[in-house]
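Here is the structure we will look at.
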Amino acid sequence: MAEFINILHSLDVKSCELDIIDPVENYKMRYKEFKDKAYKYFNEEIRNKTDLLFESYFNNKNMHKYVPTVIHGDLSTDHLIITDEGIGIIDFGDTRIFDSAYDFQWAYLLGKDVLEKILKKYNKQIDDYFIDRIVNFYTKIIPYYGVVYASEVKDNELLEKSIKEIKLLK
């Protein structure tokens, strides 16, 4: 997996016809979407927790500083095909130019030790806030996407699960 990420993150962003994502504008848009679609399901405590999460991200300029990189954008165990011949990666629909740290949230969700093993084999530069972005923002916003999706498809089980995950966030 690290080999794949190394190759992907080595692609020349200038030669790729991909969207370059501005982190602040992207998450301002997401924050508004979460407020518009998810806040109606949240109590005051969760709303305050959400506001603090996003305000902390917006106010810490170091969280927005990274070298724009071609990323997969949706790496997860759901997008791995494992055979006797090796591992394949699928679903490149979210590929874009963004923060390389974003491609490592799946590893952190599998465990800090998994992230550390992958990063030992990662041959690109890791800035001082790389891990912080993964641990304290990218992985924390995942359940918010679940709330929005669950509300759109009217999946009460997923809605409850996602809200429970948000409640557990520290």
Residues satisfying the stated conditions in the stretch 30-81, i.e. farther than 20 Å from ALA101 by Cα and in contact with a strand residue (DSSP E or B) (Cβ under 7 Å, 6 or more places away or on another chain): ILE81
Identify the residue in the stretch 32-55 that is under 19 Å from the mean Cα position of the chain (by Cα) and without any contact (Cβ under 8 Å) to a residue 24 or more places away in the chain and, among all such residues, is least open to solvent (accessible area, probe 1.4 Å). ASP51
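Anything in the stretch 143-159 that is in a helix (DSSP H, G or I) and either in contact with a Pro (Cβ under 8 Å, 6 or more places away or on another chain) or surrounded by fewer than 14 Cβ atoms within 10 Å (Cβ to Cβ) (or both)? List them, or say none. It would help to see each step written out before you state the result.
Residues of the stretch 143-159 in a helix (DSSP H, G or I): 143-153, 156-159.
Across the stretch 143-159, the qualifying residues are GLU152, VAL153, ASN156, GLU157.
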Under 9 Å by Cβ, and 6 or more places apart or on different chains, what pairs join a residue from the stretch 123-139 that is farther than 16 Å from HIS64 by Cβ with one that is surrounded by fewer than 17 Cβ atoms within 10 Å (Cβ to Cβ) and of a type in the set (S, T, N, Q)? ASN123/ASN6; ASN123/SER10; LYS124/ASN6; LYS124/SER10
Would you please name the residue that is surrounded by the most Cβ atoms within 10 Å (Cβ to Cβ), looking only at residues in the stretch 77-99 that are more than 22 Å from ILE20 (Cα to Cα) and among the polar types (S, T, N, Q)? THR77
Does at least one position in the stretch 156-166 carry a residue that is more than 21 Å from ASP22 (Cβ to Cβ) and touching a Ser or Thr at 6+ places or on another chain (Cβ under 8 Å)? yes
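Considering only the stretch 1-16, state which residues are open to solvent by 90 Å² or more (accessible area, probe 1.4 Å), within 27 Å of LEU80 (Cβ to Cβ) and either free of Cβ contacts under 8 Å to residues at least 40 places away in the same chain or of a type in the set (S, T, N, Q) (or both). Quick ask: steps written out before the conclusion?
First, the residues of the stretch 1-16 that are open to solvent by 90 Å² or more (accessible area, probe 1.4 Å): 3, 7, 14.
Applying the additional criterion that residues be within 27 Å of LEU80 (Cβ to Cβ) yields 3, 7.
If the condition is that a residue be open to solvent by 90 Å² or more (accessible area, probe 1.4 Å), within 27 Å of LEU80 (Cβ to Cβ) and either free of Cβ contacts under 8 Å to residues at least 40 places away in the same chain or of a type in the set (S, T, N, Q) (or both), then ILE7 is the only one that fits.
Checking the structure you have, find out if any residue of the stretch 17-25 is touching a Cys at 6+ places or on another chain (Cβ under 6 Å) and either at pLDDT below 95 or open to solvent by less than 60 Å² (accessible area, probe 1.4 Å) (or both).
Let us first name the residues in the stretch 17-25 that are touching a Cys at 6+ places or on another chain (Cβ under 6 Å), namely none.
The answer is no; no qualifying residue exists.
The values are calculated or read from the model by the stated rules, or taken from the named source; none is laboratory data. It should be emphasised that the depicted structure is a prediction, and the values quoted were computed from it without experimental measurement. Because the Cβ atoms are built from the backbone with ideal geometry, glycine has one as well, and the counts that use them run over all protein chains shown. For the accessible areas, the whole protein counts, side chains as well, though only heavy atoms, and no ligand, DNA or RNA atoms are used. Shrake-Rupley method; radii C 1.70, N 1.55, O 1.52, S 1.80 Å.
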